[in-house]
1. Any chance you could tell me what percent of the C-alpha pair distances in chain A go past 21 Å?
2. Once label points are set 7 Å from the Cα along Cα→Cβ at both B:Gln21 and B:Glu34, what is their separation, rounded to one decimal in nm?
3. Taking 35 Å as R0, compute the FRET efficiency from the Cβ-Cβ separation of A:Ala169 and A:Arg35 and round it to 0.05.
4. Jot down the per residue volume, in cubic angstrom and as a whole number, of the convex hull over the alpha-carbon atoms of segment A:1-48.
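Derivation of every value follows stated rules applied to the coordinates shown; laboratory data play no part. Here the structure is a predicted model, which means the values were calculated and not measured. Heads up, the Cβs are rebuilt from the backbone with ideal geometry, glycines too, and the neighbour counts pull from every protein chain shown.
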Amino acid sequence: MTRVAVVRFPGSNCDFDTLRAAERYGAEAYFVWHRDVDLRGADVVILPGGFSYGDYLRSGAIARFSPVMQAVKQHAAGGGPLLGICNGFQILCEAHLLPGALMRNAGLTFVSKPVDVTVERTDTVFTADYETDSRLRLPVAHGEGRFVAAPDTLRMLESEGRVVLRYVAATERSPFQPNPNGSANHIAGICNAEGNIVGIMPHPERAADRLLGLTGGSGFFTSLMAWHQAPKMGVQSR
Amino acid sequence: MTFRVHLRVMPRDGLLDPQGQAVEHALTALGFEEAGAVRVGRAIELAVAASSRGEAEAKARQMCDKLLANPVTEDYLLEVEED
């Protein structure tokens, strides 16, 4: 069984959606409380969306110091797959597990709507089931999703192919606006150099069930299942 | 001794500050045509127990670097005064 730990912080609110999505695709998913120091043999760790610690000070700034984060860092340092979704992405940036930061949306408002993204990086544990440059429609729901990074960091992310998801410029067929938050280079998700830590603003767990209207996010969960069933693939980096 | 630390955490120059822009638009709408270059940050005050002003400032800088300011997006100014 693929064991997926979903970390709950005070204020996490996508924890159940994430757990159910992982279960739907065959994982043995369970919650780990932020005070826990043991991930209980997790193969994959997911930091779900929400408003950990009320987003006080800055989104993710306080969750970073939760006791569980030591174990999460160790898991990732050993090459373990780690996915941060929305607030989870913010926590990964605050914890310096991913570069950059997520700031207040350029339009100031909380944005909750479907957006179109392309999957640019398909050799991560979470995106291996997608075709490169395939286009997905996924929901976003955030007030602070504007990805910013120093110019040399942005250049590094681009040159190393570390942009995992990118908001797509609107096409004639798309009713949705590109880049809902003013992110640099339309970045919606990135990974670390090794490719085992991925942070994304869109919510694949909200788009992994036909009942919810969108299914484009299911690939994140089928990818991690496929990875674990074929561990010899390991974590690849470019 | 206890020192009072006044922190001013501001969005880094050159980064888009949509809050500042919105406030500037509101000021203009109110007729304050002379207002410009508005930026919005946050002020934090805290008491720091230390044996000297220098130690209090050093401690406060550590707090800023570790938690109170994000080095990617924010700059901070701090003032230390005896309580």
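1. Details: 14209 of 28203 pairs.
Percentage above 21 Å: 50.
2. 2.6 nm
3. Values: r = 43 Å, r/R0 = 1.24.
In this case the efficiency is close to 0.20.
4. Working: hull volume 2.5 nm³, N = 48.
Measuring per residue, one finds 52 Å³ for the Cα hull of segment A:1-48.
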